[in-house]
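Enquirer: A single structure is presented below for examination.
The values are calculated or read from the model by the stated rules, or taken from the named source; none is laboratory data. Everything quoted here is computed from the prediction, not taken from an experiment. Note that each Cβ is placed from the backbone with ideal geometry, even for glycine, and that neighbours are counted across all protein chains shown.
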Amino acid sequence: MSGRIESLWTKRAHRAPMDPLSEATLVAGQGLEGSVDRSRRRQVTILSSEAWAAATAAAGRDPGAVARRANILVSGIDLAGSRGRVLRLGPCRVAIGGELTPCERMDEAAPGLRRALEPHWRGGVFGAVLHGGIVRVGDPAAWDVAVTLRRAQPSDAVDIAGLLRASWAAAYGSLLTADELGTIARELHAPDVLRRQMSNPRVVFHVARTNGEELAGIATLRGSEDGTTVSVLRLYVLPGLQGRGIGSQLLDQALADFPGAQRIELQVARGNPSGLSFWIKRGFHASGEEEARIGGVALRLIVMERG
């Protein structure tokens, strides 16, 4: 199930009113920047809009979700029993630590509300920020998919080729013809092409597979001879599994193979707004444009980098 961030609040002081925000910064290992009442385990608090609606319906009065004094209100996410799971909030990831116990202040907001919040984790959850960044109202919220990351093997090539065909069709199917997509697949994504790249000592391939062994994503990076520059050649996630944090996990894992990297560069084809947004959220900026010809197919590319 996936959802979105509906509201953000910060707590300026203990028992002070909650201040609404349109965006907030989550700091890894700390919590919501500027908000008090944080601890090592309880860095950020999250409430489900559906759970709140059920509780206030049972109590017979809705004082507004701000009365719960949580930092983040999400919709479309079932928080019940979520201890140990990882929730993706925009570009950030939060490890859920446990259930929030409603206190007597809930009955001050609405008589009977404290009791109504007790079942099914309706009072919300607390968690620790694993991966920080800026979150905004309207950002997507989704549970991370449990995946296993590892180096790609030549035996993965056929599955990788299939994932790349599906990804390109989803991203560029409205811009390129079926014949053009087929040409690109043969030139760049054929299993033999992939296997040759895997044999290059300066190129690293990482794959993500679900617990059911479905190929979920692929990352291909190439280092410069001196190891100071890394080129991201590919980062793709199966269309049906996007927005679950798999791309970020793959990127982090692959970049760990280049500890001396000082600059990261990549190219995004024009007409791929979701891909462009992904990289901008991770600190990359456009530095120019190029044109590439792949088997006679012309592509306009946005050059991006992060220093």
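So that you can scan it fast, the table gives a plain yes or no per residue for (1) touching a residue at least 60 places away in the same chain (Cβ under 8 Å); (2) not small (Gly, Ala, Ser):
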site	(1), (2)
8	yes, yes
25	yes, yes
35	no, no
40	yes, yes
53	no, no
63	no, yes
83	no, yes
87	no, yes
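Enquirer: While we're looking at this one, here's another question. How do the helices (runs of 4 or more DSSP H) wholly within the stretch 47-117 filter down when requiring 3 or more residues that are crowded, with 21+ Cβ neighbours inside 10 Å: which remain? Spell out the reasoning first.
Expert: Values: elements: 49-59, 105-109, 113-117.
Hits in the stretch 47-117: 49-59, 113-117.
Enquirer: Additional query: Is it true that residue 225 is outside the structural domain of residue 85 (by TED's automatic domain parsing), touching a residue at least 12 places away in the same chain (Cβ under 8 Å), surrounded by fewer than 20 Cβ atoms within 10 Å (Cβ to Cβ) and within 30 Å of residue 3 (Cα to Cα)?
Expert: Details: outside the structural domain of residue 85 (by TED's automatic domain parsing): yes; touching a residue at least 12 places away in the same chain (Cβ under 8 Å): yes; surrounded by fewer than 20 Cβ atoms within 10 Å (Cβ to Cβ): yes; within 30 Å of residue 3 (Cα to Cα): no.
No: the conditions fail for residue 225.
Enquirer: Pull up the stretch 118-138, narrow it to residues that are charged (D, E, K, R) and closer than 23 Å to residue 60 by Cβ, then point me to the one that is surrounded by the fewest Cβ atoms within 10 Å (Cβ to Cβ). Quick ask: steps written out before the conclusion?
Expert: Narrowing the stretch 118-138 to residues charged (D, E, K, R): 118, 122, 136.
Filter once more, keeping what is closer than 23 Å to residue 60 by Cβ: 118, 122.
Details: 118: 14, 122: 25.
Filtering first and then ranking leaves 118.
Enquirer: Report, ordered by the first and then the second residue, all pairs with beta carbons closer than 7 Å, sequence separation of six or more or different chains, a first member in the stretch 242-264 that is closer than 16 Å to residue 152 by Cβ and in contact (Cβ under 8 Å) with a residue 24 or more places away in the chain, and a second member that is part of a helix (DSSP H, G or I) and of a type outside the set (A, V, I, L, M).
Expert: Within 7 Å, the pairs are 247/278.
Enquirer: Name the residues in the stretch 161-200 that are assigned to a loop (DSSP other than H, G, I, E, B) and more than 23 Å from residue 222 (Cα to Cα), would you? Give the derivation first.
Expert: Start the filter on the stretch 161-200 by keeping residues that are assigned to a loop (DSSP other than H, G, I, E, B), which leaves 173-177, 189-190, 199-200.
Passing the criteria: 173, 174, 175, 176, 177.
Okay, residues lined up against (1) more than 24 Å from residue 19 (Cβ to Cβ); (2) polar (S, T, N, Q); (3) touching a strand residue (DSSP E or B) at 6+ places or on another chain (Cβ under 8 Å):
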position: 35; (1), (2), (3): no, yes, yes
position: 71; (1), (2), (3): no, yes, yes
position: 91; (1), (2), (3): no, no, yes
position: 94; (1), (2), (3): no, no, yes
position: 101; (1), (2), (3): no, yes, no
position: 107; (1), (2), (3): no, no, no
position: 113; (1), (2), (3): no, no, no
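Enquirer: Could you please let me know if residue 209 is in contact with a Lys or Arg (Cβ under 6 Å, 6 or more places away or on another chain) and outside any helix (DSSP H, G or I)?
Expert: Details: in contact with a Lys or Arg (Cβ under 6 Å, 6 or more places away or on another chain): no; outside any helix (DSSP H, G or I): yes.
The answer is no for residue 209.
Enquirer: While we're on this one: Looking at (1) touching a strand residue (DSSP E or B) at 6+ places or on another chain (Cβ under 9 Å); (2) part of a helix (DSSP H, G or I); (3) surrounded by fewer than 15 Cβ atoms within 10 Å (Cβ to Cβ), can you tell me which one residue 158 breaks?
Expert: All conditions pass for residue 158, except number (1).
Enquirer: If you don't mind, another one. Where residues in the stretch 256-307 are among the small types (Gly, Ala, Ser), surrounded by 13 or more Cβ atoms within 10 Å (Cβ to Cβ) and touching a Ser or Thr at 6+ places or on another chain (Cβ under 8 Å), which of them is modelled with the lowest pLDDT?
Expert: The selected residue is 271.
Enquirer: Something else about it: Condition check: of a type outside the set (Ser, Thr, Tyr), without any contact (Cβ under 8 Å) to a residue 40 or more places away in the chain and either in the same structural domain as residue 214 (by TED's automatic domain parsing) or touching a strand residue (DSSP E or B) at 6+ places or on another chain (Cβ under 8 Å) (or both). Does residue 140 satisfy that?
Expert: On the way: of a type outside the set (Ser, Thr, Tyr): yes; without any contact (Cβ under 8 Å) to a residue 40 or more places away in the chain: no; either in the same structural domain as residue 214 (by TED's automatic domain parsing) or touching a strand residue (DSSP E or B) at 6+ places or on another chain (Cβ under 8 Å) (or both): yes.
In short, no.
Matching residues to (1) at pLDDT below 95; (2) loosely packed, with under 15 Cβ neighbours inside 10 Å; (3) more than 17 Å from the chain's Cα centre (by Cα); (4) within 22 Å of residue 92 (Cα to Cα):
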{"site": "192", "(1), (2), (3), (4)": "no, yes, yes, no"}
{"site": "203", "(1), (2), (3), (4)": "no, no, yes, no"}
{"site": "218", "(1), (2), (3), (4)": "no, no, no, yes"}
{"site": "237", "(1), (2), (3), (4)": "yes, no, no, yes"}
{"site": "241", "(1), (2), (3), (4)": "yes, no, no, yes"}
{"site": "248", "(1), (2), (3), (4)": "yes, no, no, yes"}
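Enquirer: Now for a separate question. If you go through the stretch 230-269 one residue at a time, how many are under 19 Å from residue 197 (Cα atoms) and polar (S, T, N, Q)?
Expert: Counting residues in the stretch 230-269 that are under 19 Å from residue 197 (Cα atoms) and polar (S, T, N, Q) gives 3.
Enquirer: In the stretch 212-228, what residues are over 21 Å from residue 267 (Cα atoms) and either in contact with a helix residue (DSSP H, G or I) (Cβ under 7 Å, 6 or more places away or on another chain) or assigned to a strand (DSSP E or B) (or both)?
Expert: The answer is 215, 216.
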